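> This is the structure I want to talk about, given as C-alpha cells.
The values are calculated or read from the model by the stated rules, or taken from the named source; none is laboratory data. What you see is a predicted model, and the numbers here were worked out from it, not measured in a lab. In this analysis, Cβ positions are derived from the backbone assuming ideal geometry, glycine residues included, and neighbour counts consider all displayed protein chains. Accessible surface is based on the protein model in full, side chains and every heavy atom, while ligands, DNA and RNA are left aside. Shrake-Rupley method; radii C 1.70, N 1.55, O 1.52, S 1.80 Å.
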Amino acid sequence: MKVIVAENSGFCGGVRRSVELAEKAIENNDKVYCLGEIVHNPSQVKILEEMGMVTIDKDALERIHDSTVVIRAHGIDQKTKDQIVRNNNQLIDATCPVLINIYKKIQEKEKEGYKIIIVGDKNHPEIKAMASYIKNGIIIVDESEAKNITNQSKLYVVSQTTNRIDFFENIAHELEKKNDDVVIENTICKATKIRQDSCQSLSKQVDCMVVVGGFNSSNTNKLYQIAQKNCNNVLRIETVKDLPLQKLTNFNIIGVIAGASTPDLVIEEVVSRMEDLTNEEFMNSIEDSMKKIYPRDVVKGTIIDVKDDEVFVDIQYRFDGIVKLDEMTEEEASNPKEHFNVGDEVDVYVIKLDDGEGNVSLSTRRVEGVKNWKVLIEKFENEESVEGEITGFNKGGLTAKVLGINGFIPASHIATYFVKNFKKFVGETWELKIISIDERKNRLVLSRKEILESLLDEQWEGLEEGQVVTGKVARLTDFGAFIEIGNLDGLLHVSDISWNRVEHPSDVLNVGDEIEVKILKLNKERNRISLGRKQLLDKPFDSFTKEHAVGDVVKGKVVNLLDFGAFVEVSQGVEGLVHVSEISWEHVEKPSDELNVGDEIDVKIISIDKDEEKIGLSIKALTEQPERPERKVRKQNNDESRKANRANRKAERKAKDDSFGDEDLNNNIGFAIEEMLSGIKIEDDDDSSEE
C-alpha cells in the first residue's frame, strides 16, 4: 500500500495566524475568550480550550467584562467589535487578512454607487460578517437566485473565500448576461484554490482519497466534492479515530488531503496510522478487530456523505453502507439533506452485505421495527402485557398494532364470552398478552381473554351475594340483559328488571346504560352471576297496602279472565282477584259472561293477605242484596195456612169442653201448649216454615 499526501494540505496562512494569535493571548492573559470557534475544526478548538481559552457565543458576550476577547478567523460585524471594547475588554482581532481586505473593497465600491452581490452560504459566519460592512448587499447561494437578478446596473460581485472557482464563475457569468456594468472580483482565497487544485490532481491518481477536516468546515467540504468527481472511493474524516482501516486494506494507492483549518497534528496522526497498514502485525490486529456484521443486525455507523437520494454510512466494515430513499423513514426520505449530517452517528439495519456494487445495503426505516421486536420478545419471555390498538377485523378475529408491529387476536381470545360482532372493537386500545411470537415469520399472536381472565380472579374475591354494584349494559337478549361489572359479565333476567311486566329488556334498558344491580347468585366455577334490578325498587304491593285497607273502594282494570274469577289491576304492578261469586248477587256461570279484559271498574277490597301478597276484591259488595219474588209468595201461603190451623184447633177445643175430665184436663193442657207453640214461626235455609 502507498500513501500520498497532497502538496498543499492543512493550515493556510490566515488560519495559522489566527491560531498563533490565540495561543499568544492565552500565554499573556488570565481570562481569554473567543467569540465563536476560532476555526471550523473541533480538534483545533479543543486544543486551545485545553490551553485555557473559553469559546462563547454572541449572547454570552454581554456578560464578559475586563477580559481578553479573540475574534475568530471568520470575522465578526463592526457593531459587535464596538460592544467588546465598550465592556472594557482587550480585543485581539484574529480575522483572516483576506477577509479584512474584502471588507475594504466592498465598502469602497458601495460608496462608488455599486450594489454588492455576495456569493456564498447565508448562514456561514464569514458571509454574515462580510454583509455587515455594507448597507444594501444581496447574498445569493446558487445560479437560480442569480437568474432572478435582471436589468440592474453597477453590480460588484464577490465570493465566499472557500467557494469552488467553477461554482463562483458560473454564477458570476449568469449575472453578466442580464445586467449592465457587472464587476466580478474573484475573492476566493488563494490558499483555498491551491488546495482545490491539489485535490483535483491527486484524486485522479489514487484508488482512494481521504479528505481530513472538520465536518462543519466549508473549505473541507469543497475538497470532498472535488475528490468525488475524480475518484470512486472518497472517505470524509475529522480525526484519526474516524479512519476506516478495514476498508483501506482494499486499496493500493491512497491520497490524503486536509482542509485549510486542519491542524498539522491531526494530519500527521492520520498519515501515520495509514502507513502502519504496511505492517503485517498491525494488519493482523485490524483483521482480528474487524466487526462481524450479519444481515438483520442493527449497528451504529457514521454518516460520511449525504446525497439527494442516498446516504453513505461508515459501519466499520470492509465496505461502506448505503441507505437508499425507499429504506428511509417517510420523514427522512422527504429531504435527506435536512435529516442527515456528515459526521453524525446513526443506527442502521443491515439488509444484505453486498448490494451487487460492493456496498452494504442498509435501512434506517427498519431500525425501529427491529428494536421493537426485541422489546416484544423480552416482554413475551417475562410474561408482561403490551398495549395494542385494534386496527381491523376478518373472519378469524381482530388485527392489532403493537409498537408499530402488526399482530393478530384470534376470535377465541377476544373476550371471556362468545363475540359475534368484531367491527365494534376497531379503534379501541387494549391491554394484551403475547401468546406467540416469531420475528422471522413476522408473526405476533395476542390475547385479550388471558388479560381479562387474570383480572377475573381478583374481581371475584371482591363480590358477594346481596352486594349492590354498578354495571354497564353490554348487550340485550330476549331473555334478559348482560351487565358488565368490571371485567365480569352478569345476567339480569327479564323477570328481575322491574316489578312490572317487561315484554323485552329493550323496553326499559339501552346498551351503554349504567345501572345499579343487586347480586342474587354467584357461581365462580361456571363463571356466572345472577343480577336483580327490581330488588332495589319498592314493591308495588307494599306501597299499595300501606295506602289502602279492607273496605276501601278503588278503581281497577280487568287484565285477565279465568273460570274461577277475574284479575283486576288496582295499581301499577298490583293485581287483585274478584272471585266469580263476588261478581254479582245473581248466579254467574263464567266471569267472561259479565266482564271483558280492559274494562275499567270499581271494586271493594274485601281481604288482604300480606304473607301471600294476595288481595281479594268484590264487585257485588258495592250494591245491596235484592229481595226475591218467590220468598213473598211463600210467606203469604204460610200466613194463611197458620190462620186456618188456629181456627180448626179452637173448634176442636170447644167441642171437648162439654165432657171435661181428668183425661180431658190433660188434653186441654196439650191443646194449650199447641196453641202457644202455634204462634212461633220456624224458617229453614230453604225458606220453608213449620209451626
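> Using only Cα atoms, tell me the angle between helix 449-461 and the longest principal axis of the chain; keep it within 0 to 90° and round to the nearest 10.
With rounding to tens, the tilt is 50 degrees.
> Shape of the stretch 44-99 from its Cα gyration tensor (a ≥ b ≥ c, root eigenvalues): rounded if a/c is under 1.5, otherwise prolate when a/b > b/c, or oblate?
oblate
> While we're on this one: Treat every Asp and Glu Cβ in the chain as -1 and every Lys and Arg Cβ as +1, leave all other atoms uncharged, and give the resulting dipole magnitude about the Cα centre to the nearest 20 debye.
3740
> Please go through the residue pairs Lys539/Lys604; Lys374/Lys433; Lys204/Lys307; Lys178/Lys204; Lys154/Lys229; Lys177/Lys229 and name each one whose alpha carbons sit more than 26 Å apart in this structure.
In this structure, Lys178/Lys204; Lys154/Lys229; Lys177/Lys229 lie more than 26 Å apart at Cα.
> Moving to a separate point now. I need the phi-derived Karplus couplings for the stretch 15-24: 6.51 cos²θ - 1.76 cosθ + 1.60, θ = phi - 60°, integer Hz, Gly and Pro marked x.
5, 4, 4, 4, 5, 5, 4, 5, 5, 5
> Could you pull out every residue, at least 5 positions away or on a different chain, whose amide H is within less than 5 Å of the one on Ala258? Hs are placed 1.01 Å off N in the peptide plane, and Pro or chain starts have none.
For Ala258, the qualifying residues are Gly10, Val212.
> Separation of the stretch 411-449 and the stretch 24-41 by C-alpha centroid, Å?
With the stretch 411-449 and the stretch 24-41 each reduced to a Cα centre, they are spaced 64 Å.
> Can I ask one more? To the nearest 10 degrees, how steep is helix 662-678 against the longest Cα principal axis of the chain, on a 0 to 90 scale?
The angle comes out at about 30 degrees.
> Hey, what's the chain come to in accessible area per residue, 1.4 Å probe, Å²?
About 55 Å² of surface per residue is accessible.
> Then there is this: I'd like the Karplus ³J(HN,Hα) series for the stretch 50-60: coefficients 6.51, -1.76, 1.60, θ = phi - 60°, whole numbers in Hz, and an x wherever there's a Gly or Pro.
For the stretch 50-60, the Karplus curve yields 5, 7, x, 7, 10, 8, 10, 9, 5, 5, 7 Hz.
> Can you list the equivalent-ellipsoid semi-axes of the stretch 392-535, largest first and in whole Å, using the square root of 5 times each Cα gyration tensor eigenvalue?
34, 17, 11
> Residues with amide H under 5 Å of Ser436's amide H, sequence separation 5 or more or different chain, H placed in the peptide plane at 1.01 Å from N; which?
Those qualifying (amide H under 5 Å, at least 5 residues apart or on another chain) are Val445.
> Can I ask one more? Rounded to a whole number, what % of the accessible area of the chain do carbon and sulfur atoms account for, probe 1.4 Å?
Taking all protein chains in place, the chain shows 44 percent carbon and sulfur surface.
> What dipole magnitude, in Debye to the nearest 20, does the stretch 64-108 give about its Cα centre under +1 on Lys/Arg Cβ and -1 on Asp/Glu Cβ?
Computed about the Cα centre, the dipole is about 100 debye.
> Towards the positive end of the charge dipole of the chain, with charges on Cβ (+1 Lys, Arg; -1 Asp, Glu), say which of Asn372, Gly404, Ser159 has the farthest Cα.
Highest projection toward the positive end goes to Ser159.
> Return the loop-located trypsin sites (Lys or Arg not before Pro) in the stretch 293-336 (DSSP other than H, G, I, E, B) with at most 14 other Cβ atoms within 10 Å of their own Cβ; answer none if there are none.
Arg296, Lys307
> Among His579, Gln225, Phe312, flag the residue with its Cα farthest along the positive direction of the charge dipole of the chain, charges on Cβ as +1 for Lys/Arg and -1 for Asp/Glu.
It is Gln225, whose Cα lies furthest towards the positive end.
> Which length gain, in nm to one decimal place, applies between Asp309 and Leu455 when the Cα-Cα distance is subtracted from 0.36 nm times their residue separation?
47.4 nm
> So how tilted is helix 97-111 from the main axis of the chain? Cα-based, degrees 0 to 90, rounded to 10.
80
> Just tell me which lysines come within less than 28 Å, Cα to Cα, of Lys31; anything on the same chain fewer than 8 places away is out.
Lys46, Lys58, Lys79, Lys81, Lys128
> From the residues Ile485, Val468, Ser447, which one has its Cα farthest along the dipole of the stretch 423-503 in the positive direction, the dipole being from +1 and -1 charges on Cβ of Lys/Arg and Asp/Glu about the Cα centre?
Farthest towards the positive end: Ser447.
> Follow-up question, since we're still on this one. DSSP loop trypsin sites (Lys or Arg not before Pro) in the stretch 401-444 with at most 10 other Cβ atoms within 10 Å of their Cβ, which ones?
Lys420, Arg440, Lys441
> Out of the trypsin sites (Lys or Arg not before Pro) in the stretch 354-389, which ones are loop residues according to DSSP with at most 10 other C-beta atoms within 10 Å?
Sites meeting the loop and neighbour criteria: none at all.
> I'd like the distance between the alpha-carbon centres of the stretch 506-564 and the stretch 162-240, rounded to an integer number of Å.
93
> Where does the Debye-calculated log10 I(q)/I(0) of the stretch 290-417 sit at q = 0.09, 0.20 Å⁻¹, using only Cα point scatterers of equal weight, no solvent?
Scattering profile of the stretch 290-417, log10 relative to I(0): -0.36, -1.06.
> State whether the stretch 443-523 is rounded, prolate or oblate according to the following rule on the C-alpha gyration tensor (a ≥ b ≥ c being the square roots of its eigenvalues): a/c under 1.5 gives rounded; otherwise a/b larger than b/c gives prolate, and the remaining case gives oblate.
oblate
> Continuing with this model, one more query. For the chain, what does the helix formula give at 222 nm: sum of -39500 (n - 2.57) over DSSP H segments with n ≥ 4, over the residue count, nearest 500 deg cm²/dmol?
-9500 deg cm²/dmol
> Can you tell me how the stretch 77-180 classifies by the Cα gyration tensor, rounded, prolate or oblate, using a/c under 1.5 as the rounded cut?
Prolate, because a/c is 1.5 or more and a/b exceeds b/c.
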